[in-house]
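Below: the structure, in structure tokens.
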Amino acid sequence: MKDYYKILGVAPKASQAEIKTAYRLLAVKHHPDKNNGDKASEERFKEISESYIILGDIAKRNAYDYTKGYQKNYYGQDPNSDKATPATYLILFKSIKTKVFNAGGRINQEALFKVIDDILTDENINFLIRAQHVNTNSMILDEIVTSCIFLNDSLKTHMHARLLKLADGDPQFINKISILKNPSTVKPKTQSVESVEEQSISPSLLVFIVVIVIIIAVLAI
């Protein structure tokens, strides 16, 4: 994943206000309209915009910092920064999964849960549903489910409820996230004494077998 802090020219400890200021200055400087359609400036402008989409939003920044190993120490959220696409969320969840697997599953469960849960707000889930990017949403579910296999049952259950809303009634999506349900608590069935007795040889059957054995013996004489 790109170094969004470096692109905006700010430190990982920068405040939201500092990030916003850096974004505005760079956006004006590299805007295509001010550079006669220069391709290099256009690409630079796209990188700047992409960086602000992530760092300008508290939940997305939190997820990004988690993947980079940065300590979060920022406050506030710019409500005007939410210009993400479904692909933006997919990139974040892919990075989170990579972080988890690189750690060999040795992760802070509460921290991992919070990072994912903070992104899966009702507003963001509704956005992903409205966007109707079925394939992207399917991949998002894959990334989240894979990351969450390391969570305890209680956290998995909560996450399953969040993802159930994102599944939006799609049978394939519902089946995809079913692994996060709590393990079945149904105890294995044991045969009762009555059941064993019912399965034992009945007296009438025993008599029939004895008769057959006697007939065979007589015929053999």
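The values are calculated or read from the model by the stated rules, or taken from the named source; none is laboratory data. For clarity, every value in this text was computed on a predicted model and none was experimentally measured. Cβ coordinates were reconstructed from backbone atoms using ideal geometry, including for glycine residues, and neighbour counts include every protein chain displayed.
Miscellaneous remarks
- Residue 103 vs. criteria buried (at least 20 other Cβ atoms within 10 Å of the Cβ) and either under 22 Å from residue 142 (Cβ atoms) or modelled with pLDDT under 90 (or both): no
- Residue that is touching a His at 6+ places or on another chain (Cβ under 9 Å) and assigned to a helix (DSSP H, G or I), where the choices are 101, 113, 127, 173: 113
- Among residues of the stretch 10-36, those that are farther than 13 Å from residue 56 by Cβ and part of a helix (DSSP H, G or I), counted: 7
- Here residue 70 fulfils each of the conditions (1) under 26 Å from residue 93 (Cα atoms); (2) part of a helix (DSSP H, G or I) apart from (2).
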